[in-house]
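Notes to accompany the following structure.
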Amino acid sequence: MNRRKFVLNTFLTSIGGLVGINYLKGNNPIGEHLKSSVNGGIMLDNPTIISTWKFGIEANAAAYEILSKGGNALDAVEAGVRVPEADLNNTSVGRAGYPDRDGKVTLDACIMDKDGNAGSVAFIQHIAHPISVARAVMEKTPHVMLVGDGALQFALENGFKKEELLTDNAKKAWEEWKKKNNYTPPVGPNNHDTIGMLAIDKAGNISGACTTSGLAFKMHGRVGDSPIIGAGMYADNNVGGAAATGLGEAVIKIAGSFLVVEAMRNGKTPQEACEMAVHRIIEKQKNYKDIQVGFIAINKNGERGAYSLVKGFQYAFHQKGENKVYDSDYHLKE
Ligand code: GLY
């Protein structure tokens, strides 16, 4: 090898090493297009979608409709979670959600794109699709989060329709609850089935969305984890994304979805990262046996993870054209 070739080879080897080390450390000094070839495993041309609960299957199908035609992950997650938001049989998300203990339906949602932009609304009333308001906050304002009357005002100024969201069914459930519950908000494991969704598009970019009516019969004004970036959902285009369901208070206290994404950044698989977050809740929260929390995650290779505190958590996963519901593994085995 002549001196010129030797110098060139040494230079290329050092650059390769630097890139590899930095990538593993989560510092990414290289462009998106190079990153995929260096990493060698980033999912290109293979849309992947994960969402919480069994009803995620219809949401995934709507998201895939967009991704299969080359649409982007942001449009996909918004369209996906709008399905349960519109579903009159879904009592934990969107227009047919159960109300708070004063009979008011108040909704929370957040969204995040491949560039780390984020939008969120919390404690919003009278708007059936809070996820689309969250997206408008992200795209049309200098802010990340709008709440309550301010969020409603912004929605109306931007063409969203004001509606009465309390369905007859939800009203009946609330009236039954009032008879037996002495105005005490519940924290049990079975009344907060949020939808969180992460999607990777054909270009290999990730986005996430999360939307809920929150804890049924909660105190008026209560906000859960779902609209809080890093708690209910987090996505980082260099790493992957995560979303949470279950008792929001428990998730907020450990910054759950951010914790999962950071664990993946530091080398954990999505499954290991979800398990670690659930174990953090167990470590930190004395009442963990009486609540439910579940996490889902995907990394940029399209690998998935899911884990919950107690039995019963399910998630929907769409990859290579197949859309299926899976039972999540869980901690509290009998
Ligand atoms: N995870 C939904 C909520 O607690 O509001």
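The values are calculated or read from the model by the stated rules, or taken from the named source; none is laboratory data. In this text the structure is predicted, and so the values were computed from the model without any measurement. Don't worry about glycine lacking a Cβ; one is built from the backbone with ideal geometry, like all the others, and counts go over all protein chains shown.
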Taking Met112, is it more than 16 Å from the ligand (Cβ to nearest atom), crowded, with 24+ Cβ neighbours inside 10 Å, at pLDDT 95 or above and at negative phi? yes
For the condition assigned to a loop (DSSP other than H, G, I, E, B) and either crowded, with 24+ Cβ neighbours inside 10 Å or at pLDDT below 95 (or both), what is the one hit in Asn60, Asn46? Asn46
If you check every pair at least six apart or on different chains, which have Cβ atoms under 6 Å apart with a residue in the stretch 224-248 that is closer than 14 Å to Ile50 by Cβ and modelled with pLDDT of 95 or more first and a residue that is part of a loop (DSSP other than H, G, I, E, B) and not aliphatic (A, V, I, L, M) second? Gly240/Lys300; Ala244/Asp225; Ala244/Gly232; Thr245/Thr194
Considering only residues of the stretch 229-248 that are assigned to a loop (DSSP other than H, G, I, E, B) and either farther than 19 Å from Arg135 by Cβ or of a type in the set (A, V, I, L, M) (or both), which is nearest to the ligand (Cβ to nearest atom)? Leu247
Which condition number does Leu166 fail, the rest of (1) part of a loop (DSSP other than H, G, I, E, B); (2) under 22 Å from Ala62 (Cβ atoms); (3) touching a residue at least 24 places away in the same chain (Cβ under 8 Å); (4) more than 16 Å from the ligand (Cβ to nearest atom) being met? (2)
Among the numbered criteria (1) within 16 Å of the ligand (Cβ to nearest atom); (2) crowded, with 23+ Cβ neighbours inside 10 Å; (3) without any contact (Cβ under 8 Å) to a residue 60 or more places away in the chain; (4) small (Gly, Ala, Ser), which single criterion is violated by Ala273? (1)
Looking at the structure I just gave you, is Leu88 assigned to a helix (DSSP H, G or I) and either under 14 Å from the mean Cα position of the chain (by Cα) or of a type outside the set (S, T, N, Q) (or both)? no
If we keep only residues of the stretch 199-228 that are away from the ligand (no atom under 14 Å from the Cβ) and part of a strand (DSSP E or B), then the residue farthest from Lys284 (Cα to Cα) is Ile200
